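Single-structure report; data block below.
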Amino acid sequence: MKSEIPHRLIEKYLRQACTPEEEQALYNWYDAMGTGESLDEILPPSSQQALKDRMRNRIRMNISEAEQRSTKRRTVIRRLAYTLSGAAAIFALVFGMRALLQNETQAPGSGIRGEIAVSNTTTGMHKQLLPDSSVVWLSPDSRLEYSQQFSGDSRQVRLTGEAFFQVREDARRPFIIHSNGIITKVLGTSFRIRSFNQSATEVAVATGKVSVAIEGNKRSEKIVLPDQHITYQPGDQQLAVDSSAASAMLIWQKAGLSFTNTPVSEVIKALNSQFGVQISLKDESTAGYSLNADFTNQNLPDILEMMQTSLNITYELQGDKIIFSKK
């Protein structure tokens, strides 16, 4: 069967710019793709390789997540990982893993009705799309729990660790995050929560406004505005608000950068300047790699993920530093 998926839509998928409807169209295309159909008929070689690289990255993330599950599931996943090959097979593994992730049983006592728990066991950011099309970027060593389908009059999730949320607006159903003793409530906005065990919980707002309250204490509620930051120390019964969030939110601001045959060393200088970060190269041999890319309207985590795909490199978060290295 001849594919009806246009090349430009696959390229858009590689940039993570698809709408949920467009992503579903790609999934449907794969399900209907005939066994005799080759990607050679759909994509040029460069895009085929980019697609393979993107899928491999997601496979690694899914396998790391799956290894925390039962022995039976680990056996199935490893058999798939070693048996399947080619671009169509990579799609099969990713979508199969996607189904397994959605069937994970929720940990007892979480307070969130549903079945999905996602942990980021990598050293980079992990992007997770929620059922309402909200987007969550999970930091390393962080975990997010949420319902397979949001129902009722609210959208509730539980966070352990650190994440940046881009919440889709829904005036009828507030988005509520439970994190280490506080409740953050929004309608539609973008913000970061840092909530590791045995440490203070912090909420910093990039756009819109959020409501933050201590669990069980409605009178403690405070409104946090863009560039503001709120801190809660477990055990205390008060929330401290200040205006120190601007620098922390820089990496989540959408930029307008583009590069044509630009050495990676120059790209890194531009990113460091734009986002106020410290990116460096572990392997100096990659400094001369050239990049052709349009990063218009992209934040830094999106840019890092696209650079991984196009340059066959990887990155690691080490405190406030970002280290690029060869795969």
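The residues on offer are 151, 195, 199, and the sole one that is within 21 Å of residue 319 (Cα to Cα), surrounded by fewer than 17 Cβ atoms within 10 Å (Cβ to Cβ) and either assigned by TED's automatic domain parsing to the domain that holds residue 313 or without any contact (Cβ under 8 Å) to a residue 40 or more places away in the chain (or both) is 199. Considering 268, 279, which residue is on the phi < 0 side of the Ramachandran plot and touching a helix residue (DSSP H, G or I) at 6+ places or on another chain (Cβ under 8 Å)? One residue alone meets the criteria, 279.
Would a scan of region 265-279 turn up a residue that is small (Gly, Ala, Ser) and touching a residue at least 40 places away in the same chain (Cβ under 8 Å)? No, every residue in region 265-279 fails to be small (Gly, Ala, Ser) and touching a residue at least 40 places away in the same chain (Cβ under 8 Å).
Number of residues in region 117-148 that are touching a residue at least 60 places away in the same chain (Cβ under 8 Å) and among the basic types (Lys, Arg) equals 1.
For residue 216, indicate whether it is modelled with pLDDT under 90, surrounded by fewer than 20 Cβ atoms within 10 Å (Cβ to Cβ) and under 23 Å from the mean Cα position of the chain (by Cα). When the stated conditions are applied, residue 216 does not pass them. Scanning region 243-250 turns up no residue that is modelled with pLDDT of 90 or more, buried (at least 16 other Cβ atoms within 10 Å of the Cβ) and outside the structural domain of residue 291 (by TED's automatic domain parsing). The residues of region 172-190 that are part of a strand (DSSP E or B) and among the basic types (Lys, Arg) amount to a single one, 185. Among the residues of region 279-292, are any under 20 Å from residue 165 (Cα atoms) and surrounded by fewer than 18 Cβ atoms within 10 Å (Cβ to Cβ)? No, every residue in region 279-292 fails to be under 20 Å from residue 165 (Cα atoms) and surrounded by fewer than 18 Cβ atoms within 10 Å (Cβ to Cβ).
The values are calculated or read from the model by the stated rules, or taken from the named source; none is laboratory data. Source: prediction; values computed, not measured. Cβ: placed from backbone, ideal geometry, glycine included. Neighbour counts: every protein chain shown.
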